[in-house]
1. Scaled to the compact-protein estimate 2.2 N^0.38 Å, what is the alpha-carbon radius of gyration of the chain, rounded to two decimal places?
2. Which of Leu46, Gly33, Ile71 sits farthest toward the positive end of the charge dipole of the chain, with +1 on the Cβ of Lys and Arg and -1 on the Cβ of Asp and Glu?
3. Test of understanding: what is the full-extension gain from Asn24 to Arg62, defined as 0.36 nm times their sequence separation minus their Cα-Cα distance?
4. Only loop residues by DSSP count here, and only those with at most 16 other Cβ atoms within 10 Å; note down the GluC sites (Glu not before Pro) in the stretch 12-105 that meet that.
5. Can you tell me, using C-alpha contacts under 8 Å and at least 6 residues apart, the relative contact order of the chain as a whole percent?
6. Please return the longest stretch of the chain lacking exposed loop sites, where trypsin sites (Lys or Arg not before Pro) count only if DSSP places them in a loop and at most 14 other Cβ atoms lie within 10 Å.
7. In the stretch 73-105, which residues have a backbone nitrogen under 16 Å from the label point lying 7 Å from Glu15's Cα in the Cα-to-Cβ direction?
8. Counting other beta carbons within 10 Å of each Cβ, put Met28, Met68 in order, fewest first.
Amino acid sequence: MTDENSPLEEILKIEKDIIRLKRNTNYMKIRKGLQKLESMSLGNRLISIPSPQNLQKEIRIRRRSKEMKSIKKMYIERLSEFDQKIGTLYEEKEALEEEIFDRKY
C-alpha cells in the first residue's frame, strides 16, 4: 500500500472537512448574527447579538446606527473567511472528481 490516498478517499476527506466547517459553532453564530442584522426591520430599537471579535460576549447595538454598520461589516468579513475555506475545499473536490471521471472515460 502507498501512503497517498486515492482520489475517492481524498474526496471523502474533503467532504468531512466541509461538513465540519459548516457545523462549526463560530460559523453558525456568525451566520445567524448576520441574518439577524439583515432581517431587522421592525421591533425594538436595540438588538443583542454576539460580538464579532468575541462570539461568547453579547453586545447590544442600536438599529440604523454607525456602530451597526461597522459590526455588520465585521460579520461579513468573518463570514467570508469561512466561505473562502469552504470554496477552496469545493474546488479541490471538483478537481478530484474530474480526475476520477477522466480516468474512467
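1. Ratio of Cα Rg to 2.2 N^0.38 Å: 1.51.
2. After comparing all options, I get Leu46.
3. 10.9 nm
4. none
5. 37
6. Between exposed loop sites, the widest span is 65-105.
7. Flagged as within label range: 89-101.
8. Ordered by Cβ neighbours within 10 Å, fewest first: Met28, Met68.
Every number in this text was worked out from the coordinates using simple rules, so none of it is lab data. Keep in mind the model is a prediction, meaning the values are calculated, not measured. Virtual Cβ from ideal backbone geometry, glycine too; neighbours counted across all protein chains shown.
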